[in-house]
């Protein structure tokens with residue numbers, strides 16, 4: 001789980017530090033609860049804002065035993081001085097993952113990780129964690145989701161239809177270090193080099209425009225849409241966008257996306 005509890009004045013950031021703290025705390029509680037059915041997975045919570053992570057441990061003890069917390073959650077605090085908020089979210093998030101891999105006992109023991117955004121829960125996370133486990137067992141080294149189609153362009157809409165889902169994806173550590181870790185230097189939100197586009201382009205290059213993704217060791221499509229809880233921290237001009245990720249509009253979008261994934265799996269909508 002990647003986190004920046006304090007925005008430290010980052011341009012475009014939403015919510016107060018107190019609001020963000022409660023969002024992260026509630027997500028941790030959700031993932032540690034039996035209802036998410038990810039009891040076989042450990043959690044690595046990484047923050048790069050200088051927040052005192054002991055406060056999470058103290059608040060979580062109201063819901064979980066000390067034994068559960070020590071055996072299942074690894075808190076990693078990274079100094080804000082290592083990051084550059086002027087570069088935007090993507091640059092700092094990939095750099096945070098690089099540093100977390102160097103420090104995490106859980107990640108290095110597993111040899112792989114599944115990255116999720118920390119501020120709000122993924123309601124069907126267990127589906128993707130299980131799929132990532134199977135993908136790695138089957139010889140894949142990277143498990144992610146891409147959108148790649150020209151429908152919006154054909155309709156005259158200026159929406160991004162070639163992008164990488166940066167909120168959740170999984171990788172073996174060796175693959176990440178070899179192919180992804182240095183991509184943070186190419187991210188710069190404020191001239192349009194978002195992490196979603198940077199990683200899309202790199203994965204496309206590695207797999208010859210996704211034609212050789214299996215040979216490159218990458219599973220590049222989820223079989224269902226991810227269902228996100230909470231409130232979006234960004235805005236978009238897309239007609240399908242909603243700040244409330246469980247709104248009627250968002251649920252309709254998920255339903256349409258699942259239709260394409262089930263009945264036209266070759267169409268990466």
Quiz item: Looking at this structure, is residue 176 at pLDDT 95 or above, buried (at least 21 other Cβ atoms within 10 Å of the Cβ) and in a helix (DSSP H, G or I)?
Solution: yes
Quiz item: Are there any pairs, at least 6 apart or on different chains, whose C-beta atoms fall under 7 Å, with the first in the range 245-268 and at pLDDT 90 or above and the second surrounded by fewer than 17 Cβ atoms within 10 Å (Cβ to Cβ) and assigned to a helix (DSSP H, G or I), and if so, which?
Solution: 267/260
Exercise. Tally the residues that are in contact with a helix residue (DSSP H, G or I) (Cβ under 8 Å, 6 or more places away or on another chain), in a loop (DSSP other than H, G, I, E, B) and either closer than 22 Å to residue 62 by Cβ or at pLDDT 85 or above (or both), restricting the search to the range 25-40.
Key: 1
Quiz item: Given the conditions (1) crowded, with 20+ Cβ neighbours inside 10 Å; (2) touching a helix residue (DSSP H, G or I) at 6+ places or on another chain (Cβ under 9 Å), which single one is not true for residue 162?
Solution: (1)
Practice problem: Specify which of the listed residues (108, 22, 92) is in a helix (DSSP H, G or I), surrounded by fewer than 19 Cβ atoms within 10 Å (Cβ to Cβ) and touching a residue at least 40 places away in the same chain (Cβ under 8 Å). | Solution: 108
Quiz item: Residues in the range 179-216 that are in a loop (DSSP other than H, G, I, E, B) and either touching a strand residue (DSSP E or B) at 6+ places or on another chain (Cβ under 9 Å) or farther than 18 Å from residue 86 by Cα (or both): how many?
Solution: 12
Quiz item: So which of 106, 114 ends up being more than 25 Å from residue 229 (Cα to Cα) and in contact with a strand residue (DSSP E or B) (Cβ under 7 Å, 6 or more places away or on another chain)?
Solution: 106
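The values are calculated or read from the model by the stated rules, or taken from the named source; none is laboratory data. Please read all numbers here as calculations on a predicted model, not as lab measurements. Reconstructed Cβ throughout: ideal geometry from the backbone, glycine too, with neighbour counts over all protein chains shown.
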